[in-house]
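Everything below concerns the one structure shown next.
The values are calculated or read from the model by the stated rules, or taken from the named source; none is laboratory data. None of these values were measured; they are calculated from a predicted model. A quick note on method: Cβ atoms are made from the backbone with ideal geometry, for glycine too, and the neighbour counts reach across all protein chains shown. We work out accessible area using only protein heavy atoms, side chains counted, and drop any ligands, DNA or RNA first. Shrake-Rupley method; radii C 1.70, N 1.55, O 1.52, S 1.80 Å.
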Amino acid sequence: MSATRHSLLFSFAEKYTVLLLGIVATMILSRLLTPAEVGVYSLGAVLVALAQVVRDFGVGQYLIQEKQLDMAKLRAALATSLLVAWLLALLVLAASGPLARFYEEPRLQLVLQLLSINFILIPFSALTMPILRRQLRFRAIYAINASNSVTNLLVAVGLALLGYSYMSMVWAALAGSVASLLASLLLRPRELPWLPSRRGMRTVAAFGAYATGGGLIDEASVAAPDLIIGKLIDIESLALFGKAQSVLNMFNQLITSAISPVVFPLFAARERTGGQGGAAPAYLRTVSYMTALSWPFFFFLACMALPLVKLLYGQQWIACVPLIRIMCLSSAVYSMFSMARYLLVASGQMRVQVGIDTWAGVLKVALVLAAAPFGLVAVAWAVVLALLLRSWLSYRALRAACELDWRRLLRTVQKSLLLCACSAPAPLLVALWLPEQLPDAMPLLVLPGTAMATVLCWIAGIFLLKHELAAELLLLQRKLAGRMLAARTPP
């Protein structure tokens, strides 16, 4: 098995483990806590997420894309991470009171104060994760992130059962950070320094300024709907919108977040070695794979949103179903451009990516602000329009950088479109048949059978259409068959 495929295997294993544990936690907590309780923690988590982007200050991307790393650069990166993270801890702590008063939610102050502790802990493992990604050591990354998720699940559910309400999620987040810190210290590469140094910080800061600027704007545009809903509508609506986004983010957790840690170093390596065509052919191949997975996924999700929400969250969260169905459209389209960021950064066009983040973020905030007075459905349509505009901006950048015009993209995704049509009949027929008021047992009866039929049609479509994924599936089948044969053969 090639190094890339081996890395993808452990990357997918890590993301699926984290996703599975997250789903279990969500299913339990959604029945133990009300939308209003979840909304308090969600608002605090969104606000802290904005600071999390600045906390990294581009150190991770710097370490992955830098052609030659030495001890001086590593120590400068550590110093940058420590300085920025600890300053942010003080900032979040100081801003907790004013933010609680701004949102007229006194409980938010304690949430932010406790979550600020994460900024003190995280820098101690700041170099470990990016270096492990640079080295494609995804087995170690799996162990670190799995320890975080297991600890988070156990603490959150345990404290919720004991009546700690929204604070159970806060303490769980802190416990998860401690667990991942301990795991990263055990798996830390030996070549990493323990002491920081000011020498070379200017170089890291110069790169980090662009990376952080674009990342902060991008994260602000992601957080904008939650922040606006929390202020202009109410906390309960924020929780409903957050649950809808969580369902949509399943694809990111299942596929995108597993592929991107491997794709970014791969694009960077192609650019460093100057292979034929640079990273553009690898990007088109990635688009082919992404759309073959995302388009059937989001079509299934739009059709099966009602039973899925009832199974995962329960009856009290049904109001987020129409939001999911609306936002599936833009999520499917954007899957063609979700990896554009990594190609642009790998090819040294950080400023272009920052420009995309800036324009897309401003447009999204403006659209959501205009839509919020009309309710959650209007906000969902505003998010759709904003993501479509972001897709167009990404396409323009790719066309200028890599000559990826619309004809090449259409040729790349045409089989994926046909594949989506092949897998569509089962979820579409079930969606038309399902009643609006589902009995409690109905999701358990409907979802597994529909999912199985969809997957079987999808696999059949891959081989009938001779999609690029067919070769990967055959290779996986041969590998598994070889291992099973080896296991059965006596020594």
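Can you sort I228, I459 by solvent-accessible area, 1.4 Å probe, largest first?
Details: I228 20, I459 65 Å².
Most to least solvent-accessible, the answer reads I459, I228.
How do T26, T454 stack up against each other in accessible area, from largest to smallest, with a 1.4 angstrom probe?
Working: T26 40, T454 15 Å².
I get T26, T454, largest accessible area first.
Can you tell me the FRET efficiency between Q437 and L162 if r is taken as the Cβ-Cβ distance and R0 is 22 Å, rounded to the nearest 0.05? Each step should come with its number before you reach the end.
Numbers: r = 34 Å, r/R0 = 1.55.
Rounded to the nearest 0.05, the efficiency is 0.05.
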Study note, to complete from the structure: Residue separation between L456 and E104 times 0.36 nm, minus their alpha-carbon distance, gives in nm 121.7 nm
Revision key, fill the gap. Expected unfolding gain across W86-Q349 under the 0.36 nm per residue rule, minus the alpha-carbon gap, is 91.7 nm
Exercise for review: Compute, for R75, the solvent-accessible surface of its heavy atoms (probe 1.4 Å) with the complete set of protein chains present, and express it in square angstrom to the nearest 10.
Suggested key: 80
Revision key, fill the gap. Karplus ³J(HN,Hα) for the range 137-143 (6.51 cos²θ - 1.76 cosθ + 1.60, θ = phi - 60°; Hz, whole; x = Gly/Pro) runs 9, 7, 5, 5, 4, 4, 5
Review point. With labels modelled as points extended 7 Å from the Cα through the Cβ direction, what inter-label distance (nm, one decimal) is found for M71 paired with E403?
Key: 4.6
Practice item. Can you figure out the FRET efficiency of R198 with K466, using R₀ = 60 Å and their beta-carbon distance, to the nearest 0.05? Key: 0.60
Review point. Leaving out ligands, DNA and RNA but keeping every protein chain, what accessible area does C422 have, in Å² rounded to the nearest 10, with a 1.4 Å probe?
Key: 50
Check your understanding: Just by accessible area at a 1.4 angstrom probe, what is the order of D226, D405, D234 from largest to smallest?
Key -> D234, D405, D226
Revision key, fill the gap. Karplus ³J(HN,Hα) for the range 227-241 (6.51 cos²θ - 1.76 cosθ + 1.60, θ = phi - 60°; Hz, whole; x = Gly/Pro) runs 5, 6, 4, x, 8, 8, 10, 6, 5, 5, 5, 4, 5, 5, 5
Practice item. Multiply the residue gap between L182 and V377 by 0.36 nm, knock off their C-alpha separation, and tell me the result in nm, one decimal place. Key: 65.9 nm
Study note, to complete from the structure: Taking a crude spin-label model, label points 7 Å out from Cα along the C-beta direction, the I117 to R285 distance in nm is 4.6
Study note, to complete from the structure: Quick calc, W392 & T34: beta-carbon distance into FRET formula, R0 41 Å, rounding 0.05, result 0.55
